Amino acid sequence: MHITEERKQYSDQEDEIDLREIFFKFLAHWYWFVLFGVLGVTGGYLASKCSQPIYRLESSVLVKEESNGMGLENLYDGFDLRRNTNIENHILMLKSYTLNRQVLENLNWQISWYKEGYFTDVSLYRNYPYNVKKLDNRRNLNGISLYILPLSNQDYKVIADGKVVEEGLEMDIEFEALGKFGEPFENEYFSFILTPNDRFIRNEKDEFYFVFNDLDDLTISCSERLEISLAGKNADGILLTLEGSVPQREVDYLNELIRVYIGYGLQQKNRASENTVRFIDTELNGIADSLNLAGRYLTDFRSRKGIVDLSQEAGLIVDKLQEMEKEKLMGERRFAYFRNLRRYLGDADRIKQMVAPSVEGVTDPAMNALVLKLGELYGKRDVLSYSVQNNNPGLVLLDKEIRDTRQRLGENLNSLISNSEIELEELKKDIYRVNKQLAALPQTEQELINIKRRFDLNNKLYTFLLQKRTEASITMASNLSDAQVLDPARVKTAEKIGPKSALYMAVGAMLGGMIPFLWIVIASLFNDTIQSQEQLERETKLSVVGSIPHNPYDKELPVVDFPRSAITESFRGLRTNLQYLLPAEDQKVIAVHSTVPGEGKSFSSLNLAGILAISQKKVLLVGVDLRKPRLHEVFGVSNDQGVSTYLINQNTFDEIVQPTEIKNLSLVLSGPIPPNPAELLENDLFSQFLQEARKRFDYIVLDNAPVSMVTDGILVGRNADVNLFMVRHKVSHKNNVKFINDVAERETLKQVALVFNDIQYKGSGYGNRSYGYGAGDGDGYYVEEYGGVSKMRFWKKNISSK
């Protein structure tokens, strides 16, 4: 099996390695998470201490199942005043914009005062440093902070700085102006009178400002903060909850809301009675005048004619005629009422203003119940329309019920109007017949009968209306609210619910931890360097024949100075693996490359040559980097002669080969830097040099120039039996690996392999290291450690790296 295929197959079997790599990437920077987590917790704690406290206030209301005023449900003939209570409707009323706006107007929350604090401003309620009086019909912009700086007992300075939106245009409001206490302050934006509050205790260092509130926005804000729920599953109670930073303010709001809500309910219940009383009062005024006039006529006539009373026959005729005319008058009133009611069926405002049917003498129970129900349904719809959208299911059902009730009432009215017309025609005929009987009486008696008839008719109608007015007044006085306050809001029962230090600290820790998290993620996104051997193996199909950990020593030759170290073991593993890449005896030349400077090729060449020499092999280390030589600095020798002088025939092979202190290791330096390195390496003398070296040494290690920058490396690598490219951990980029892949795919160089160099191993987190074992003439393996996890990788002698 191919080496690359074996590695790829092994990597495919361990799909979880990506997650582990990410985990160890974060774990390697654990100290940053701890540091920023502690800073976040500290910041959260300080924020909780500097934030305004939040209190929860509660109030409960009991909603009765039905409301029967003093048991007088039968006061109106045919009326059914009992109403099953729908608690959800009461909840909607409490949340409605209309009621909440009325609360703010009653509390006069048009102005809010604040004291400026270090971290947050403190709201002042019921304890203002100054009293503000708005001038009638004058302009005052809402939402602009007006800072008041007293200059003396008479003068003050106003400072304004803010933005306001009027008619869709945003305006910057910024000015400083002087004013006098007790006198009007006026400019193009504000008009008010400011007076000191003598009961307020001032501190000279405190700064105060006030804001004219937009009651529309404030109503929406208060309604959103208000929570209303059922007190229990089977209870007829409502629980109101409000949260805020000033307990007294929330108490006032809740209690005033309940008061307005109860008053609104009573107003709705009394509406029919109030309409009736107003209608009767209007009718009584007209009838009283007619009654007085008829009484005077009757008295005058009797005085002039000397008649005290009617005869028996005339009295019977008069009684019958009066009864018929009364019935006719009431019938005409009922007929007009029916026609008006039918005309106003689609007009909610007119329906709510209609008087009770019984006032007009209507005794039809179905008719009375439908009129009352329709008025109540229109009232409910008015309340719902302020708090829900038109497509709300509750409003849709209510509209359907209104349509059904209106249809039933319309059908009932059509029938009643038809019957009233027939009834009136019959009464007219009866009255005509009685009037014929009256015509047979003497003239004086006829006149008396007509005068007395008008008087008695007005008198009976006046008495009837007085009776109905009394009934309506009694009903209105006996009406009780459907709601009863169980527990009003109290400051003493306020529950402090925030700020919660634990929550602030938890959020602070999370936000603090996000800083290094995002930093690592962003750095990873923009960092295309090779971070692990697994990543390197995903970027290439070439074999990674060695993993060299970071050199922890200040020595250039740790394989000699520290033979039992991890880095020495890694070079032994590299040496073992090279034996499988160079199986033939004539394969001796190893070229060590890098794509860019700084990837550790000279260090690796030096230690690879050293570890080969320690294994009793004759090794020649050749410095072929003619542009930036470095080996002479490591060995502390002169670079006066070497490869460059050999290639220009200035020195012989024996003259440039130098022994070193390391047994079996010889050295050929690069020599003085020539002006044309590529041309020198391309001539036949370099090939002759390698032929001679092959005869005398077991291995030749070439320390090459960076191949992506100059052509020297490619020229030298063509003469090598194996080309090792250094890929440095966290230094080499993916583009460097791509360049190496292109070199191998184009077969520019033969036998290309990779060495992962300078691995930053950390015992508690990210990184890896390897140790190699094996004999030169048998199978071998090396052990890699990654994040504290070891795994063994085998190499077979018959494996080819191509």
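The values are calculated or read from the model by the stated rules, or taken from the named source; none is laboratory data. Owing to the predicted nature of the structure, the values given are computational and were not obtained by experimental measurement. Counting neighbours? That spans all protein chains shown, and the Cβs are built from the backbone with ideal geometry, glycine included. Note: accessible area is taken over every heavy atom of the protein model, side chains too, but ligands, DNA and RNA are not part of it. Shrake-Rupley method; radii C 1.70, N 1.55, O 1.52, S 1.80 Å.
Structure above, values below:
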{"read-out": "Pair list, Cβ < 8 Å and 6+ apart or interchain, from region 517-541 residues that are farther than 27 Å from E747 by Cβ to residues that are open to solvent by 50 Å² or more (accessible area, probe 1.4 Å) and not in a helix (DSSP H, G or I)", "value": "T529/K730; T529/V731; T529/H733; Q531/K730"}
{"read-out": "Flag for K400 being at pLDDT 85 or above and either in contact with a strand residue (DSSP E or B) (Cβ under 6 Å, 6 or more places away or on another chain) or surrounded by fewer than 17 Cβ atoms within 10 Å (Cβ to Cβ) (or both)", "value": "yes"}
{"read-out": "Total residues in region 606-641, condition touching a residue at least 60 places away in the same chain (Cβ under 8 Å), out of contact with any helix residue (DSSP H, G or I) (no Cβ under 8 Å at 6 or more places or on another chain) and under 19 Å from D561 (Cα atoms)", "value": "2"}
{"read-out": "Top-ranked residue in region 687-733 [being open to solvent by 30 Å² or more (accessible area, probe 1.4 Å) and of a type in the set (A, V, I, L, M, F, W, C); ranked as modelled with the highest pLDDT]", "value": "V731"}
{"read-out": "Any hit, region 410-431, residues being open to solvent by less than 60 Å² (accessible area, probe 1.4 Å), closer than 30 Å to E88 by Cα, at pLDDT 80 or above and under 60 Å from the mean Cα position of the chain (by Cα)", "value": "yes"}
{"read-out": "Flag if Y386 is open to solvent by 30 Å² or more (accessible area, probe 1.4 Å), hydroxyl-bearing (S, T, Y) and modelled with pLDDT under 75", "value": "yes"}
{"read-out": "Helices (runs of 4 or more DSSP H) wholly inside region 625-696 containing at least 3 residues that are aliphatic (A, V, I, L, M)", "value": "677-682, 684-696"}
{"read-out": "Verdict on S245 being within 22 Å of Q52 (Cα to Cα) and without any contact (Cβ under 8 Å) to a residue 24 or more places away in the chain", "value": "no"}
{"read-out": "Residue check for S605: modelled with pLDDT of 90 or more, under 23 Å from H550 (Cβ atoms), buried (at least 22 other Cβ atoms within 10 Å of the Cβ) and polar (S, T, N, Q)", "value": "yes"}
{"read-out": "Matching residues in region 432-485 - criterion: being open to solvent by less than 40 Å² (accessible area, probe 1.4 Å), of a type in the set (A, V, I, L, M) and at pLDDT below 65", "value": "L438, L441, L448, I449"}
{"read-out": "Unique match (being open to solvent by 30 Å² or more (accessible area, probe 1.4 Å) and either within 25 Å of N736 (Cβ to Cβ) or touching a residue at least 12 places away in the same chain (Cβ under 8 Å) (or both)) among A502, A506", "value": "A506"}
{"read-out": "Residue that is nearest to L151 (Cα to Cα) [pool: residues in region 180-234 that are touching a Leu at 6+ places or on another chain (Cβ under 9 Å) and basic (K, R)]", "value": "K180"}
{"read-out": "Residue in region 284-293 that is at pLDDT 80 or above, open to solvent by less than 50 Å² (accessible area, probe 1.4 Å) and not polar (S, T, N, Q) present", "value": "no"}
{"read-out": "Residue check for I201: within 35 Å of the chain's Cα centre (by Cα), open to solvent by 50 Å² or more (accessible area, probe 1.4 Å) and within 23 Å of P247 (Cβ to Cβ)", "value": "no"}
{"read-out": "Strands (runs of 3 or more DSSP E) (entirely within region 77-187) containing at least 2 residues that are under 30 Å from Y264 (Cβ atoms) and open to solvent by 70 Å² or more (accessible area, probe 1.4 Å)", "value": "130-134"}
{"read-out": "Residue count for region 510-523, restricted to those that are exposed (fewer than 14 other Cβ atoms within 10 Å of the Cβ) and not β-branched (V, I, T)", "value": "3"}
{"read-out": "Which numbered condition S223 misses (of (1) part of a loop (DSSP other than H, G, I, E, B); (2) surrounded by 17 or more Cβ atoms within 10 Å (Cβ to Cβ); (3) among the small types (G, A, S))", "value": "(1)"}
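Results for (1) at pLDDT 95 or above; (2) open to solvent by 10 Å² or more (accessible area, probe 1.4 Å), shown as yes or no for each residue.
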site: E599; (1), (2): no, no
site: Q616; (1), (2): no, yes
site: K628; (1), (2): no, yes
site: F635; (1), (2): no, yes
site: V657; (1), (2): yes, yes
site: E661; (1), (2): no, yes
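Yes/no per residue for (1) of a type in the set (A, V, I, L, M, F, W, C); (2) not in a helix (DSSP H, G or I):
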{"position": "E204", "(1), (2)": "no, yes"}
{"position": "K233", "(1), (2)": "no, yes"}
{"position": "Q248", "(1), (2)": "no, no"}
{"position": "Q268", "(1), (2)": "no, no"}
{"position": "A288", "(1), (2)": "yes, no"}
{"position": "N292", "(1), (2)": "no, no"}
